[in-house]
Amino acid sequence: MSSTDAEIATDARAFRTELFIGGRWVAPAEGGRLEVIDPSTGRRVGEVAAASISDVDAAIAAARAAFDDGRWSGLSGRQRSRVLLRVASLMRERLEDLAQAESLDVGKPILFTRMIDVPNSADLFEYYGTLAPHIDGSVRDTPLPAFAYTRREPRGVVGAISPFNFPLILSSSKIAPALAVGNTIVHKPSPLTPLSAILMSEILADAGVPDGVYNLITGGGSDLGEALVRHPGVDMIAFTGSTKVGREVASVAGRLLKPVAAELGGNAANIVFADADLDKVIGTVINSFVFNTGQFCMAAPRLLVERPIYETVVGILADAVTHVPLGRPSDDATVIGPLVSAAQLERVEAMVGDAVAAGGTVATGGERIDLDGGFYYAPTVIAGLGNDADAIQEEVFGPVLTVQPFDTESEAIALANSTDYGLAAGIQTTDISRAHRVANALHAGIIWVNGWAMLDAAVPFGGVKASGWGRENGPEALESYTRMKSVTIAIDPPAAPEHGGAS
Ligand code: NAD
């Protein structure tokens with residue numbers, strides 16, 4: 001539904017309509033505006049700045065100057081650490097502002113933005129703030145008549161491109177490690193969800209991040225993103241998004257020999273063996289496909305169930321998901337909110353329609369939910385599909401679960417590994433040897449046993465195959481944001497002894 005300016009005025013929400021460049025809030029060069037849509041009503045609730053290419057150039061120039069004069073990279077790790085730890089505490093102080101913005105923008109239940117999105121983002125700044133003083137090189141043992149050591153140096157200007165589904169966490173997972181090692185940043189969030197990045201700019205400045213070290217360009221999608229990737233003033237790209245766009249980014253950057261950290265799509269399988277603790281498994285399975293309304297890269301839309309318990313699991317799930325509270329994101333009890341946009345809703349609806357046409361049986365859901373004009377879709381369980389169906393092979397990115405039976409461990413592994421993706425996978429079993437065997441055999445960057453989405457700033461996160469090659473979180477992320485330098489210093493042999501000295 002479209003809205004009038006009068007409706008927006010009564011909404012009483014005011015967003016900044018400038019870009020954050022060089023430490024100042026500046027009007028976009030061409031006066032561009034980007035609408036902010038509330039997914040829970042479909043209504044426009046305000047607007048933010050829409051950058052043009054000349055704004056991208058200005059942001060890169062500011063980041064370049066800030067990197068080259070050493071105002072940030074020239075600080076010691078301990079000095080940078082103090083600033084990052086202040087960012088973490090300011091995020092915690094402004095938890096409610098950030099949680100409200102993220103909930104409004106993405107349609108996420110406020111329960112989760114308060115409990116997960118904001119605290120996890122603050123944790124990332126705390127974690128990399130704590131690591132910043134410990135980013136050392138090492139001395140190498142060598143037979144050369146020389147002293148050899150390595151240095152880890154920042155790459156320079158990082159172009160950070162983030163997706164719509166976890167705007168704050170996935171911005172923090174780039175900004176915190178990139179800043180910890182001394183880089184400067186130009187950040188382009190998704191045009192669907194720019195709000196938390198605007199608040200983040202304020203927090204970074206308040207914490208003492210020097211002018212020009214972090215720059216924010218909100219606005220369009222592919223044009224601004226591509227300008228960032230192509231620009232010679234950007235030294236690396238940190239990209240999280242779909243596999244399709246990731247391929248484009250990597251191919252442009254590849255021609256320029258520009259490093260890319262790529263966190264791409266996912267389509268995880270969750271394998272439930274007959275020996276699993278079913279009471280715990282049902283909650284885990286529901287969480288794995290309804291959290292964030294299924295819009296998360298490590299969602300498990302593919303459930304593989306050992307045949308003796310297959311019918312039971314489908315039956316329990318079909319009933320249990322109807323009891324998960326679906327509703328307005330602002331309601332404290334809501335667990336499932338709307339999808340992010342009308343386009344995402346149409347996409348999910350079309351994929352379910354195709355699944356039914358391909359022979360799938362909808363055990364529950366399979367329809368829109370009519371509430372306030374928002375983009376709601378019922379949690380949906382589909383059984384009976386062949387493994388080559390699109391709903392199984394492609395990333396759905398909605399609250400949709402397909403369920404397939406299997407007879408043997410090797411069949412489960414083959415099914416789990418049968419898509420192009422390889423971000424996450426799950427194993428639900430009480431047999432510890434089986435857990436190890438299957439974990440080793442699965443083609444995925446992250447494996448969860450007897451649970452789902454157990455994430456922490458300290459544990460590396462990233463995929464294989466079409467899910468990309470980056471690793472966020474953990475000390476491993478710092479490798480993406482640094483380059484290694486070797487320094488070898490010749491050591492002269494002792495001077496020849498002098499002859500004819502005193503006898
Ligand atoms: P998307 O690929 O459509 O967009 C991601 C970002 O890229 C946005 O900021 C967008 O504006 C920008 N962009 C679009 N075209 C571009 C181009 N040609 N050059 C440079 N930038 C461009 O993704 P989305 O719909 O925002 O997010 C959902 C996708 O992200 C899903 O596929 C999901 O699996 C993936 N994702 C992956 C991870 C992970 O860690 N692996 C985490 C979250 C989301």
>> Here's a check for you: in the stretch 236-279, which residue that is out of contact with any helix residue (DSSP H, G or I) (no Cβ under 9 Å at 6 or more places or on another chain) and among the charged types (D, E, K, R) is nearest to the ligand (Cβ to nearest atom)?
In response: LYS244
> In this structure, is LEU168 within 15 Å of the ligand (Cβ to nearest atom), open to solvent by 10 Å² or more (accessible area, probe 1.4 Å) and among the hydrophobic types (A, V, I, L, M, F, W, C)?
Replying inline: no
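Those residues that are within 13 Å of the ligand (Cβ to nearest atom), touching a helix residue (DSSP H, G or I) at 6+ places or on another chain (Cβ under 8 Å) and within 18 Å of ASP105 (Cα to Cα), I need them from the stretch 180-195; list them, please. Break it down stepwise before answering.
We begin by selecting, within the stretch 180-195, every residue within 13 Å of the ligand (Cβ to nearest atom); these are 186-194.
Checking the rest, the ones that are also touching a helix residue (DSSP H, G or I) at 6+ places or on another chain (Cβ under 8 Å) come to 186-190, 192-194.
Matches in the stretch 180-195: HIS187, LYS188, PRO189, SER190, LEU192, THR193, PRO194.
Restricting to the stretch 32-49, what's the tally of residues that are of a type in the set (Gly, Ala, Ser), at pLDDT 95 or above and assigned to a strand (DSSP E or B)?
Narrowing the stretch 32-49 to residues of a type in the set (Gly, Ala, Ser): 32, 40, 42, 46, 49.
Still in the list and also at pLDDT 95 or above: 32, 40, 42, 49.
Add one more test, that the residue is assigned to a strand (DSSP E or B), and what stays is 32, 49.
Going through the stretch 32-49 one residue at a time, the tally reaches 2.
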> Can you pull out the residues in the stretch 239-265 that are touching a strand residue (DSSP E or B) at 6+ places or on another chain (Cβ under 6 Å) and under 30 Å from ALA412 (Cβ atoms)?
Replying inline: THR240, GLY246, ALA262, GLU263, LEU264
> Of the residues that make up the stretch 484-498, is at least one part of a strand (DSSP E or B) and surrounded by 22 or more Cβ atoms within 10 Å (Cβ to Cβ)?
Replying inline: no
> If only one of LEU98, LEU111 is at negative phi, open to solvent by 40 Å² or more (accessible area, probe 1.4 Å) and touching a residue at least 40 places away in the same chain (Cβ under 8 Å), which one is it?
Replying inline: LEU111
> Which number in (1) outside any helix (DSSP H, G or I); (2) open to solvent by 20 Å² or more (accessible area, probe 1.4 Å); (3) of a type in the set (Phe, Trp, Tyr) marks the one condition that PHE67 misses?
Replying inline: (1)
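Within the stretch 323-335, identify whether any single residue is within 16 Å of the ligand (Cβ to nearest atom), modelled with pLDDT of 95 or more and surrounded by 24 or more Cβ atoms within 10 Å (Cβ to Cβ), and answer yes or no.
Restricting attention to the stretch 323-335, the residues satisfying the condition of being within 16 Å of the ligand (Cβ to nearest atom) are none.
No, the conditions are met nowhere in the stretch 323-335.
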> For GLY422, all conditions in the list (1) more than 16 Å from the ligand (Cβ to nearest atom); (2) more than 20 Å from ALA276 (Cα to Cα); (3) in contact with a Lys or Arg (Cβ under 8 Å, 6 or more places away or on another chain) hold save one; what is the number of the exception?
Replying inline: (1)
> Looking at the stretch 293-349, which of its residues are touching a residue at least 60 places away in the same chain (Cβ under 8 Å) and of a type in the set (Lys, Arg)?
Replying inline: ARG302, ARG307, ARG328
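Just to verify a result, which residue in the stretch 204-219, among those that are open to solvent by less than 10 Å² (accessible area, probe 1.4 Å) and of a type in the set (A, V, I, L, M, F, W, C), is farthest from ILE21 (Cα to Cα)?
So the first thing to find is which residues in the stretch 204-219 are open to solvent by less than 10 Å² (accessible area, probe 1.4 Å), and the list is 204, 207, 212-219.
So of that shortlist, the ones also of a type in the set (A, V, I, L, M, F, W, C) come out as 204, 207, 213, 216-217.
On the way: LEU204: 13, ALA207: 16, VAL213: 9, LEU216: 6, ILE217: 8 Å.
Among those residues, the one meeting the criterion is ALA207.
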> Of all residues in the stretch 457-487, how many are within 16 Å of the ligand (Cβ to nearest atom) and of a type in the set (Lys, Arg)?
Replying inline: 2
>> Could you go through the stretch 220-231 and let me know if any residue there is on the phi > 0 side of the Ramachandran plot, modelled with pLDDT of 95 or more and either open to solvent by less than 10 Å² (accessible area, probe 1.4 Å) or within 10 Å of the ligand (Cβ to nearest atom) (or both).
In response: no
> Within the stretch 264-311, which residues are touching a Pro at 6+ places or on another chain (Cβ under 8 Å), open to solvent by less than 10 Å² (accessible area, probe 1.4 Å) and in a helix (DSSP H, G or I)?
Replying inline: PHE289, VAL290, THR293, GLY294
>> I'd like to verify a number: residues in the stretch 125-143 that are touching a Ser or Thr at 6+ places or on another chain (Cβ under 6 Å) and in a loop (DSSP other than H, G, I, E, B), how many?
In response: 2
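The values are calculated or read from the model by the stated rules, or taken from the named source; none is laboratory data. Please read these numbers as outputs of a predicted model, since none were measured by experiment. Cβ coordinates were reconstructed from backbone atoms using ideal geometry, including for glycine residues, and neighbour counts include every protein chain displayed. We work out accessible area using only protein heavy atoms, side chains counted, and drop any ligands, DNA or RNA first. Shrake-Rupley method; radii C 1.70, N 1.55, O 1.52, S 1.80 Å.
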